[in-house]
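Please read the structure below before turning to the comments.
Quick note: the coordinates plus some simple rules give every number you see, no bench work behind them. Everything numeric here is computed off the predicted structure, so don't read it as measured data. Positions of Cβ are generated from backbone atoms using ideal geometry, with glycine treated the same way; all protein chains shown enter the neighbour counts.
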Amino acid sequence: MTDNSNARRSRWRAPLGWIAGALVVAAAVVAAYFGGRRPEPAPTPAPAMAAADTAVGAAAQQPVMLTPAEAHRIGVTYAAATMTPVDHEVRTVGQVAYDERRVSTISSRLDGWVDSLYVNFTGQPVRRGEPTLTIYAPMAVAAEEELVLAKRLQAGVSHGTADAQRGAAELVSGARRRLSYWDIPAAEIAQVESTGVVRKNLTLRSPVSGVVVDKSVVAGQRIMAGDALYRVVDLSRVWIEGEVFERDLPGVRLGQTVDASFEALPGVTRTGRITFIAPTLNAETRTASVRVELTNPGLALKPGMFATLRMTIRGAPNTLSVPRAAVLSTGERNIVFVKRPDGMLEARDVTLGLAGDDRIAVLAGLSLGDTVVTSATFLIDAESNLDEALGGMGNMPGMDVAPAAKAGKAARPDTAPDMPGMPGMKAPTPHDHH
């Protein structure tokens with residue numbers, strides 16, 4: 001009994017050893033296989049999807065079809081491209097300034113000392129011929145004395161020879177002329193001749209009517225010939241100096257009418273004309289100076305006041321234009337939606353010209369009589385882009401219709417496709433979850 005048991009154990013021991021060895025070898029092979037495999041790289045987006053995205057972004061906008069009810073609901077209106085001049089208003093800020101042609105300086109042509117002042121503060125109004133100051137001028141006194149002596153000599157030789165009378169007359173004329181060259185009024189010279197009395201002080205009078213804007217003299221001061229003692233400005237007419245941008249200069253011309261309004265004079269508008277356009281441009285501000293001349297009744301306009309200038313720039317008479325609301329600007333393109341004969345709204349690129357307050361010139365992209373959308377253009381543009389985007393997505397993987405559906409066949413719900421990389425292994429279906 002014991003011998004038989006040992007024999008059976010010996011017969012089974014040999015096959016079990018072979019099986020264990022085979023399992024060890026198999027385990028080693030599996031470990032080596034899986035350990036040596038490199039991790040698969042993460043899947044990259046399909047080239048077709050990236051291409052589709054690019055195509056959608058760069059594709060042209062698609063025409064849009066709106067029924068009358070839809071157009072009415074979103075407020076679509078239309079207008080025709082017509083030959084209408086494009087006028088626009090240019091508005092700029094200006095400042096009231098003196099009319100430089102109406103500025104006068106009061107000065108003496110003689111050296112002397114100021115004796116008294118009749119105009120003794122800045123801002124004082126003066127009239128033409130009014131006295132401004134008196135000065136003691138030794139040269140004027142000497143010239144008056146010569147005149148008095150010449151008159152006496154002339155009277156003494158009244159019965160003398162012709163040559164003596166002629167010489168005395170020349171002396172009187174020379175003395176009189178010298179005084180007139182120094183701007184001494186003829187009335188004062190005549191008074192010296194008639195009375196024979198030499199006047200110590202010389203009176204300087206204003207040559208113009210206006211307002212004293214600069215005073216550089218005080219009583220007792222010594223003055224030199226040519227010193228500017230007063231500066232007087234006639235403010236009955238003034239200038240307004242403003243700046244016009246480079247893009248608006250082609251429409252600005254001399255003699256053009258300009259309306260000026262002032263913050264200090266609410267509700268008051270003055271009308272003037274452009275009398276000067278600067279021949280050069282400011283390189284930093286890209287503007288050119290313009291000058292408007294205005295009358296100034298009541299001296300209501302004070303130099304230094306700010307003004308708002310408005311001028312209308314007239315466009316060319318034969319200009320193709322559309323309402324400004326018809327143009328949709330994207331920053332890179334200018335688009336209008338044109339209504340085609342079949343009723344479709346087609347996006348069209350246009351080249352723009354001068355823009356007015358209500359209309360804008362179209363240089364290229366439209367023809368006379370084209371009907372364009374003048375309202376709700378943003379909504380139509382969004383609709384056009386959406387249609388194109390959805391159309392482009394049809395080429396993206398996974399966005400197309402299943403082949404079975406295209407063929408008109410219904411796929412069996414209990415039939416699942418093979419799992420990727422595992423032939424024969426079916427993906428789970430809803431019936432598998434139980």
Exercise for review: May I ask you to verify whether Gln165 is on the phi < 0 side of the Ramachandran plot and part of a helix (DSSP H, G or I)?
Suggested key: yes
Exercise for review: Please determine, by comparing only the residues of region 178-213 that are touching a residue at least 60 places away in the same chain (Cβ under 8 Å) and among the basic types (Lys, Arg), which one is surrounded by the fewest Cβ atoms within 10 Å (Cβ to Cβ).
Suggested key: Lys200
Review point. What residue, among those in region 284-313 that are outside any strand (DSSP E or B) and under 19 Å from the mean Cα position of the chain (by Cα), is nearest to Arg348 (Cα to Cα)?
Key: Arg286
**Study point:** Condition check for Arg286: surrounded by fewer than 16 Cβ atoms within 10 Å (Cβ to Cβ) and not aliphatic (A, V, I, L, M)
**Key:** yes
Check your understanding: Out of region 71-92, which residues are closer than 30 Å to Pro341 by Cβ and not in a strand (DSSP E or B)?
Key -> Ala71, His72, Arg73, Ile74, Gly75, Val76, Thr77, Ala81, Thr84, Pro85, Val86
Check your understanding: Can you pull out the residues in region 128-169 that are surrounded by fewer than 19 Cβ atoms within 10 Å (Cβ to Cβ) and either basic (Lys, Arg) or within 60 Å of the chain's Cα centre (by Cα) (or both)?
Key -> Arg128, Gly129, Glu130, Pro131, Tyr136, Arg152, Arg166
Exercise for review: Would you check if Thr280 is hydroxyl-bearing (Ser, Thr, Tyr), part of a loop (DSSP other than H, G, I, E, B) and in contact (Cβ under 8 Å) with a residue 40 or more places away in the chain?
Suggested key: no
Check your understanding: Does Arg109 count as within 16 Å of Asp227 (Cα to Cα) and among the basic types (Lys, Arg)?
Key -> yes
Check your understanding: Just one of Leu235, Leu249 is under 22 Å from the mean Cα position of the chain (by Cα), surrounded by 12 or more Cβ atoms within 10 Å (Cβ to Cβ) and either at positive phi or among the aliphatic types (A, V, I, L, M) (or both); which is it?
Key -> Leu249
